[in-house]
Amino acid sequence: MIEDRQHHFDYDVTVVGGGPAGSTAATLLAQHGHRVLLLESGRHPRFHIGESMLPFSEPVIQRLGIDWSAGNLSKSGAVFMDEATDQQMYFPLSVHRRTYQIERAPFDQMLFENAGKHGVVTHQDEKVINVSCDSDRVSLVSDKSEYRSRYLIDATGRSALMGRKAKAISRIQNLGKFAVYTHFENIQPSEEADELFRSGNIYVPVVDIGWIWIIPLAGRRLSVGLVVQKDKPKDCEIEALLQRYLAASPILSRLLKGAKQAEAARVEADFSYTNQSRYGSRYACCGDAAGFLDPVFSSGVFLAFTSAARIADRVHQGFLEGLEADPALHVEDDEKYLLGFNTMRLFVERFYHSNIVHNLFFEAHRDPDLKAQIAQLLAGDLWVDNNKLQRSLLAGRRTAS
Ligand SMILES: Cc1cc2nc3c(=O)[nH]c(=O)nc-3n(C[C@H](O)[C@H](O)[C@H](O)COP(=O)(O)OP(=O)(O)OC[C@H]3O[C@@H](n4cnc5c(N)ncnc54)[C@H](O)[C@@H]3O)c2cc1C
């Protein structure tokens, strides 16, 4: 451990959580010249769900200096469909920027190791169990050691270390309540399957209890999940629920013919919350630790990258100006974060409560401007002032008109 005897800090910044948000924040702070410790309770490669990326993550990826095409499937766009009415709509997303369908275990490992290559001190298998942020320092206790730093970044994902400590986590009601998902391998050749792997499109069939994701992955594998808006049934009923909906979907019945389920179904609950305590004196939260949204529009990792980058740059500026203990350091950036988060949140709420897929997405072929506005949101192009649909969402109206 590096000891700064003059200031009694072991590190400038401790980042807790080595997922996309934590590895990004740590790398960018190290690039700015700071001494950074990144603590991860698990060990990479570790499984994580969240495989469909958005193109507007690309500027952050470029700053990290990684190649996110390596081993991943290029993603062209998103197809929303209702198989009961045989309607569907395709939105091209990778128009000006590229994006991918990624397997999270190797991807998150690459991001974590990349932080180490940039000079971040990285520890795995080390869980942070307590932290206090005072006006003069951050004190942090893990299951292995204790550290003092000038700043803390909470990137603990849905564990939301600081938010839960402050009792500042509020559920967003009435969105998806749980997801059940698995991977399939050995997808057989067919015109439909070949086109899916060629385009890398995500397919989103809407169903009576929620929606399904169909994400093609490298190696002719499919990630398939069902997000359900009802309360979670008993654990023993969940796999059967997934199988019932897979069998009822014509496209999945065709794609999965002859394929092999690669693993038992997994379940995630506890969806969609806000954290009312996203920053304070000497700390800030990024990624899922700042807030989490039902994944229907694949916004999670994109928000993790963009919030982490913004926080890293602001903490650097705070150090330069001696303002790192100022609780108001992140006020301006938090407004930008909320603009992105709330746009996606309102969009997701419309998905569940205004039947947006039928009332807006399927109508978009009549109105190329509307189609472009939807695609802009689905790509993550959120910090602009030319999107009428985004403006109307934020103004609380139901349609773009
Ligand atoms: C069902 C489902 C489907 C999803 N689909 C998509 C998708 O298609 N596209 C998309 O972009 N997003 C998707 N997401 C969201 C995406 O998974 C997350 O938004 C993303 O992983 C957030 O990154 P993060 O770095 O903030 O958190 P995480 O990736 O969760 O990383 C947090 C890390 O912190 C570590 N940690 C936690 N507590 C501690 C502690 N006390 N001490 C040390 N380490 C700790 C954890 O081990 C973990 O590695 C989905 C989510 C779910 C639940």
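The set of residues in segment 152-211 that are aromatic (Phe, Trp, Tyr) and closer than 26 Å to Glu349 by Cβ comprises Phe178, Tyr181, Tyr203, Trp211. Set side by side, the residues His358, His330, His353 differ, and just one is over 25 Å from the mean Cα position of the chain (by Cα) and not aromatic (Phe, Trp, Tyr), which is His358.
Table: residues versus (1) of a type outside the set (S, T, N, Q); (2) within 30 Å of Leu377 (Cα to Cα); (3) surrounded by 20 or more Cβ atoms within 10 Å (Cβ to Cβ).
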residue	(1), (2), (3)
Gln101	no, yes, yes
Phe112	yes, yes, yes
Leu140	yes, no, yes
Glu146	yes, no, no
Ser149	no, no, yes
Ala179	yes, yes, yes
Glu185	yes, no, no
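If only residues of segment 351-369 that are of a type in the set (A, V, I, L, M, F, W, C) and within 13 Å of Tyr90 (Cα to Cα) are counted, the one that is surrounded by the most Cβ atoms within 10 Å (Cβ to Cβ) is Phe361. Evaluate the following for Ser135: is it more than 29 Å from Gly225 (Cα to Cα) and either surrounded by fewer than 18 Cβ atoms within 10 Å (Cβ to Cβ) or in the same structural domain as Gly210 (by TED's automatic domain parsing) (or both)? So Ser135 passes the test.
Within segment 312-327, the set of residues being charged (D, E, K, R) and either more than 22 Å from the chain's Cα centre (by Cα) or modelled with pLDDT under 95 (or both) comprises Glu321, Glu324, Asp326. Output yes when any residue across segment 77-85 is under 18 Å from Arg35 (Cβ atoms) and surrounded by fewer than 16 Cβ atoms within 10 Å (Cβ to Cβ), and no when none is. No. Anything in segment 211-246 that is among the small types (Gly, Ala, Ser) and either surrounded by fewer than 20 Cβ atoms within 10 Å (Cβ to Cβ) or over 22 Å from Arg104 (Cβ atoms) (or both)? List them, or say none. Once the filter is applied, which keeps residues that are among the small types (Gly, Ala, Ser) and either surrounded by fewer than 20 Cβ atoms within 10 Å (Cβ to Cβ) or over 22 Å from Arg104 (Cβ atoms) (or both), segment 211-246 yields Ala218, Gly219, Ala240.
Restricting the first member to segment 388-401 and to residues that are surrounded by 14 or more Cβ atoms within 10 Å (Cβ to Cβ), and the second to residues that are modelled with pLDDT of 90 or more and of a type in the set (Gly, Ala, Ser), the beta-carbon pairs closer than 6 Å and six or more apart or on different chains are Ala400/Ser392. Exactly one residue out of Ser249, Ser281 is in contact with a Pro (Cβ under 7 Å, 6 or more places away or on another chain), surrounded by fewer than 20 Cβ atoms within 10 Å (Cβ to Cβ) and touching a residue at least 12 places away in the same chain (Cβ under 8 Å): that is Ser281.
Of the residues that make up segment 332-355, is at least one in the same structural domain as Ala30 (by TED's automatic domain parsing), over 23 Å from Val16 (Cα atoms), at pLDDT 95 or above and among the β-branched types (Val, Ile, Thr)? Taking every residue of segment 332-355 in turn, none turns out to be in the same structural domain as Ala30 (by TED's automatic domain parsing), over 23 Å from Val16 (Cα atoms), at pLDDT 95 or above and among the β-branched types (Val, Ile, Thr). Exactly one residue out of Arg35, Arg63 is more than 27 Å from Leu377 (Cβ to Cβ) and more than 11 Å from the ligand (Cβ to nearest atom): that is Arg35.
Residue-level check: of (1) buried (at least 19 other Cβ atoms within 10 Å of the Cβ); (2) within 19 Å of the chain's Cα centre (by Cα); (3) closer than 18 Å to Asn114 by Cα; (4) not hydroxyl-bearing (Ser, Thr, Tyr), Gln62 misses just (1). Is it the case that Phe292 is under 16 Å from Leu378 (Cα atoms), outside the structural domain of Lys230 (by TED's automatic domain parsing) and either among the hydrophobic types (A, V, I, L, M, F, W, C) or near the ligand (Cβ under 9 Å from one of its atoms) (or both)? No; evaluated as a whole, the condition is false for this residue. Has segment 282-302 got at least one residue that is over 16 Å from the mean Cα position of the chain (by Cα) and outside any strand (DSSP E or B)? So far as segment 282-302 goes, yes, one or more of its residues are over 16 Å from the mean Cα position of the chain (by Cα) and outside any strand (DSSP E or B). Counting the residues of segment 27-45 that are assigned to a loop (DSSP other than H, G, I, E, B) and out of contact with any helix residue (DSSP H, G or I) (no Cβ under 6 Å at 6 or more places or on another chain) gives 7.
Condition check ((1) closer than 30 Å to Tyr245 by Cα; (2) touching a residue at least 24 places away in the same chain (Cβ under 8 Å); (3) out of contact with any Asp or Glu (no Cβ under 6 Å at 6 or more places or on another chain)) across all residues:
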residue	(1), (2), (3)
Ser74	yes, yes, yes
Val79	yes, yes, yes
Ala84	yes, no, yes
Phe91	yes, yes, yes
Arg98	no, yes, yes
Ala105	yes, yes, yes
Val121	no, yes, yes
Val131	no, yes, yes
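Of the residues making up segment 199-210, those that are surrounded by fewer than 23 Cβ atoms within 10 Å (Cβ to Cβ) and either in contact with a strand residue (DSSP E or B) (Cβ under 9 Å, 6 or more places away or on another chain) or not assigned by TED's automatic domain parsing to the domain that holds Ala264 (or both) number 6.
The values are calculated or read from the model by the stated rules, or taken from the named source; none is laboratory data. Just so it is clear, the model here is predicted, and its values are computed rather than measured. Note that we place each Cβ from the backbone using ideal geometry, even for glycine, and neighbour counts take in every protein chain shown.
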